[in-house]
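The values are calculated or read from the model by the stated rules, or taken from the named source; none is laboratory data. For clarity, every value in this text was computed on a predicted model and none was experimentally measured. Backbone-built Cβ (ideal geometry, glycine too); neighbour counts: all protein chains shown. When the accessible area is computed, the model is the full protein with side chains, heavy atoms only, and any ligands, DNA or RNA have been set aside. Shrake-Rupley method; radii C 1.70, N 1.55, O 1.52, S 1.80 Å.
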Amino acid sequence: NAGVTQTPKFQVLKTGQSMTLQCAQDMNHNSMYWYRQDPGMGLRLIYYSASEGTTDKGEVPNGYNVSRLNKREFSLRLESAAPSQTSVYFCASTRGGARSNQPQHFGDGTRLSIL
Amino acid sequence: AQTVTQSQPEMSVQEAETVTLSCTYDTSESDYYLFWYKQPPSRQMILVIRQEAYKQQNATENRFSVNFQKAAKSFSLKISDSQLGDAAMYFCAYGPNFGNEKLTFGTGTRLTIIP
């Protein structure tokens, strides 16, 4: 019972490098989300996908792009990494549409450091 | 915009005792959901309990219960018979029950269990 799987778990990048964070869920959920978690700030929504083929900006989308490759997978890309993007990134999914009454299922997170 | 405030950055409780974590929120909506999520050192976010605003009865899940005061916009979490495994960051979250509005998270309370 994998749930939401994120890869990698840890990554160190240099400023200006690019990388893609991968997320996959095996629960046949429609909606998927990317958050970042910073000390003292809780979780902030970067992007979300209400259903396959759609994506929308969240609270802090600048510097990121996303792709909803299929119903299972939702990737987050940093085109040119900046130190301000050092954070822990979480992917989540919900069964229904992108309604906030749905409990979210989270992955284990990716700790990303930008030097 | 909605806000969620957790005014206790850290709390501690003796094992087997009861502890209450506070959460207040600001909204003009009447129909919404509230959540408590737990984040243990393993980093994964786990749903603890959910409350629907139109239900007056406080939600309960085993040792976890909430005190939902809608007029006061307060949503506290009570943990009874605290166990070592309860040690974690606890996040309160608010979500309006319409459209595609997303969850708003508080900044978290770190709970320490004293053996």
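Before moving on, here are some points about what is shown:
- Magnitude of the charge dipole for chain B, about its Cα centre and with charges confined to Cβ atoms of Lys, Arg (+1) and Asp, Glu (-1), is about 120 debye.
- Over 27 Å apart at the Cα level, from the set A:Lys14/A:Lys57; A:Lys57/B:Lys78; A:Lys14/A:Lys71; A:Lys9/A:Lys71, are A:Lys57/B:Lys78; A:Lys14/A:Lys71.
- In region A:15-115, the GluC sites (Glu not before Pro) that fall in loop regions by DSSP, at most 16 other Cβ within 10 Å: A:Glu52, A:Glu59, A:Glu79
- Annotation: amide H-H contacts under 5 Å for A:Gln104 (H modelled 1.01 Å from N, sequence separation of 5 or more, or interchain): none.
- Accessible surface, per residue, of the protein assembly as shown when the full set of protein chains is kept, probe 1.4 Å, Å²: 46 Å²
- The relative contact order of chain B comes to 37 percent, based on Cα pairs under 8 Å that sit 6 or more residues apart.
- Whole-angstrom gap from region B:61-82 to region A:21-82, using each part's C-alpha centre: 30 Å
- Charging the Cβ of each Asp and Glu at -1 and of each Lys and Arg at +1, and nothing else, the dipole of the protein assembly as shown about its Cα centre rounds to 380 debye.
- Just the protein heavy atoms count here, and of the accessible area of the protein assembly as shown at 1.4 Å, carbon and sulfur take up 46 percent.
- When only the Cβ of Lys, Arg, Asp and Glu is charged (+1, +1, -1, -1), the dipole of chain A relative to its Cα centre reaches about 20 debye.
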